[in-house]
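Everything on this sheet refers to the single structure shown next.
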Amino acid sequence: MCTFYSTGVICTMLLPHLSTRCHKEINDNPNLGIVKEHVLIRLIFDGLPVCRDSQLCIKDLHFDEVPVRIYLPRAPPAGKRRGVIFFHGGCGMFGSIRSYERICRYIAQKADSVVVSVGYHLSPEYKYPAQTLECLMATEHFLKTSENYGVDPARIIACGDSAGGTFAATVCQELVNRTDIPKIRAQVLVYPFLQALNFNLPSHQKNAFTAFLSRERTVCYMLKYLNKDCSLKEAVLAGSHVPESMNLKYRKWINPDLIPEIFKLGYKPPLPTSFLPEVHEETKELLKTRLSPLLAEDAVVCRLPDTCIITCQHDVLRDDGLLYKKRLEDNNVKVSWYHMDDGFHCALGFFGYDLIVSMELPAL
């Protein structure tokens, strides 16, 4: 269980719902005959509408022109509540406030917290980095106005899954030097995407063909998110987009040797690859900290808030979380880490549908 107060309740509630099942991955055809793939996936992501909830007051608002949905418990509070700003996953192209309605309601009720779900606009209609900037704008607005919603500004958590975890990590990094607004108390990163330097870590090999998010799909989605041609995929997978100087610089942070041995069973180091300058030029955004927060300098990482990281065994992104955990700990940031042996990527999207075998929730 989490021990530090602000993320403990959130983590305890999320963990039981990250269990594994077999699911068929969507066909790799970018156009499925009737609609484009990203449009179809959005429809699936949105899921079924949710019934009214008498325990919550739910409002659709805009924070500095960014759509948000805010969940406020109706019960009179004993004092100011904690706040949770939630960024949904979906690689910046899929997902919505509606698709994460169930988990946000659940957090608001069980943690007696005010939850703000951010409906950032999606790529490709809104070009990168619109998604990151909107998450940042919404967070700044909430930090400045939280008391209007009965929230203690010193107890606000940034939380996200998958690409939402990327946004949460990036927002926390971009706010570390701000002195004009309250500090984020903690960040909760659920199977986050944290680096695009190396797609040949042990978890990439072990889960290369895992449903929902395979190794190839990870890179293809990132290229689509940046509005780049997916023909670059093979070069990026091989690591040809990274100059040798950059590999040497970041080897101290992104390196299979830093992964615990228990997670490296069957791992085979990849063959050396040649650097392709033209690929680097096309994809250099992948190596900026807004997409690869694991590459942030120690001067930033050491000032980050308390962190909870949740990783899943059956997840191509597992090692991103493990490496970020080590970086944070090396910089004396308090970290609580939970690894789900039967967990898989995208599990949170199934929350509330009774499709996933789950454990009984421990006492909060």
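The values are calculated or read from the model by the stated rules, or taken from the named source; none is laboratory data. The structure presented is a predicted model; accordingly, all values stated were derived computationally and were not measured. Counting neighbours? That spans all protein chains shown, and the Cβs are built from the backbone with ideal geometry, glycine included. The accessibility values were calculated without ligands, DNA or RNA, using every heavy atom of the protein model including side chains. Shrake-Rupley method; radii C 1.70, N 1.55, O 1.52, S 1.80 Å.
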Give me the lysines in straight-line cross-link reach of K183: C-alpha distance below 17 Å, same-chain residues under 8 apart excluded.
-> K80, K144, K334
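Based on the Cα gyration tensor of segment 186-302, what are the three equivalent ellipsoid semi-axes, each the root of five times an eigenvalue, rounded to whole Å and given largest first? Intermediate results must be reported in sequence, preceding the final value.
Values: eigenvalues 80, 67, 54 Å².
Taking √(5λ) for each Cα gyration eigenvalue gives 20, 18, 16 Å.
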Can you tell me the FRET efficiency between A299 and R74 if r is taken as the Cβ-Cβ distance and R0 is 30 Å, rounded to the nearest 0.05?
-> 0.10
More than 14 Å apart: what percent of Cα pairs in segment 180-248 qualify?
-> 67
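What trypsin sites (Lys or Arg not before Pro) in segment 179-286 are in a loop by DSSP, with at most 13 other Cβ atoms within 10 Å of the Cβ?
R251, K252
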Residue by residue through segment 259-273, which ³J(HN,Hα) values in whole Hz follow from phi under the Karplus form 6.51 cos²θ - 1.76 cosθ + 1.60 (θ = phi - 60°), with glycine and proline marked x?
-> 7, x, 4, 4, 9, 10, 4, x, 6, 10, x, x, 6, x, 10
By average Cβ neighbour count within 10 Å, what is the ranking of 335-345, 297-307, 74-84, 132-142 from highest down?
-> 132-142, 335-345, 297-307, 74-84
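Per Stokes-Einstein, at 25 °C and 0.890 mPa s, what whole-number D in µm² s⁻¹ belongs to segment 65-213, with the Kirkwood radius over Cα pairs as the hydrodynamic radius?
Values: Rh = 16.0 Å.
Stokes-Einstein gives a translational diffusion coefficient of 154 µm²/s.
Can you give the FRET efficiency to the nearest 0.05 for A208 and S54, using r as the Cβ-Cβ distance and R₀ = 45 Å? If you can, show how the numbers build up before the last one.
Numbers: r = 46 Å, r/R0 = 1.03.
FRET efficiency, A208 to S54: 0.45.
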Tell me which aspartates and glutamates have Cα within less than 19 Å of K206's Cα, excluding those fewer than 8 residues away on the same chain?
-> E25, E216, E234, D257, E261, D315, D319, D320, D341, D342
So who's got an amide H within less than 5 Å of the one on S336, skipping anything under 5 residues away but keeping other chains? H placed 1.01 Å off N, in plane.
-> T307, C308, I309
Which of F87, F212 is most accessible, then next, and so on - probe 1.4 Å | F212, F87
How do D112, D161, D60 stack up against each other in accessible area, from largest to smallest, with a 1.4 angstrom probe?
-> D60, D112, D161
For segment 113-195, accessible area per residue (1.4 Å probe, heavy atoms of protein chains only), Å² | 28
Show which lysines lie in cross-link reach of K127 when reach means a straight Cα distance below 25 angstrom and same-chain residues fewer than eight apart are skipped.
-> K36, K224, K228, K233, K284, K288
